[in-house]
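Please read the structure below before turning to the comments.
The values are calculated or read from the model by the stated rules, or taken from the named source; none is laboratory data. All of these numbers come straight from a predicted model, not from anything done at the bench. Note that each Cβ is placed from the backbone with ideal geometry, even for glycine, and that neighbours are counted across all protein chains shown.
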Amino acid sequence: MDKIIIKDLLVRGILGLNPEERVKKQDILVNVIMWHDISAAAAGDDVDHSLNYKSVSKAIIQRIENGNDLTVEKLVTDLARIICVEYGAAKTTVRVEKPTALRFAASVGVEIVRTREDFS
C-alpha cells in the first residue's frame, strides 16, 4: 500500500480544557499519513484515482477551525474518520499536537492509527 503524506499542517482552533483554551484560538499541528493504492493514478496520470491531499487538508482545516473540542483524543479520532470514511483511505495515521501546551516541551499530542473498518 502506498502512502500520501501531509506534514506539519498548522491550523488555529479551539482545543483544550483550560478556560483560556476555550476562548482563544491556538496553534494546532497536524501530521497525516494516508495509505491508498496510487497505481491507477500513476498509470493514468489522474488524481481522481488517488486521494486528493488538497481536498483532505481543506477538510482538516475546516474541521479544526469550526471545532470546539475539549480533548485532542476526540479531534484526532474525528480527523481519522474523515480521512477513512469521507476520502476512502484504507488506513491512516493522524497526529495532532499542541505546540504551546507545556512550557518546557516543544509540543504535546496524540497519534493514532485507524483503518476504514474501524469506522464501519
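Per the conditions (1) in a strand (DSSP E or B); (2) of a type outside the set (S, T, N, Q); (3) in contact with an Asp or Glu (Cβ under 7 Å, 6 or more places away or on another chain); (4) closer than 24 Å to Ser120 by Cα, the sole criterion not satisfied by Leu75 is (1).
Only residues that are closer than 18 Å to Val113 by Cα and either touching a helix residue (DSSP H, G or I) at 6+ places or on another chain (Cβ under 8 Å) or in a helix (DSSP H, G or I) (or both) were counted in the stretch 10-50, giving 3. Across the stretch 96-108, the number of residues qualifying as surrounded by fewer than 18 Cβ atoms within 10 Å (Cβ to Cβ) and in contact with a Leu (Cβ under 9 Å, 6 or more places away or on another chain) comes to 3.
Return yes or no: is Val30 crowded, with 20+ Cβ neighbours inside 10 Å, under 15 Å from Val110 (Cα atoms), touching a residue at least 40 places away in the same chain (Cβ under 8 Å) and not hydroxyl-bearing (Ser, Thr, Tyr)?
Working: crowded, with 20+ Cβ neighbours inside 10 Å: yes; under 15 Å from Val110 (Cα atoms): yes; touching a residue at least 40 places away in the same chain (Cβ under 8 Å): yes; not hydroxyl-bearing (Ser, Thr, Tyr): yes.
In short, yes.
For the stretch 30-59, a tally of residues being in contact with a strand residue (DSSP E or B) (Cβ under 6 Å, 6 or more places away or on another chain) and among the β-branched types (Val, Ile, Thr) returns 4.
Within the stretch 87-117, being part of a helix (DSSP H, G or I) and either in contact (Cβ under 8 Å) with a residue 60 or more places away in the chain or out of contact with any helix residue (DSSP H, G or I) (no Cβ under 7 Å at 6 or more places or on another chain) (or both) holds for one residue alone: Glu117.
Being of a type in the set (Asp, Glu) and at pLDDT 95 or above is the filter; apply it to the stretch 47-73 and report the residue that is surrounded by the most Cβ atoms within 10 Å (Cβ to Cβ). If you could, list the steps in order and put the result at the bottom.
We begin by selecting, within the stretch 47-73, every residue of a type in the set (Asp, Glu); these are 48, 65, 69, 73.
Now restrict to residues that are at pLDDT 95 or above: 65, 69, 73.
Details: Glu65: 13, Asp69: 20, Glu73: 12.
So the residue we want is Asp69.
Results for (1) among the hydrophobic types (A, V, I, L, M, F, W, C); (2) over 17 Å from Lys24 (Cβ atoms); (3) over 11 Å from the mean Cα position of the chain (by Cα), shown as yes or no for each residue.
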| site | (1), (2), (3) |
| --- | --- |
| Ser55 | no, yes, yes |
| Ile61 | yes, yes, no |
| Asp69 | no, no, yes |
| Thr77 | no, yes, no |
| Arg81 | no, yes, no |
| Ala105 | yes, yes, yes |
| Gly109 | no, yes, yes |
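Scanning the stretch 84-100 for residues that are more than 20 Å from Val72 (Cα to Cα) and among the acidic types (Asp, Glu) yields a single hit, Glu86.
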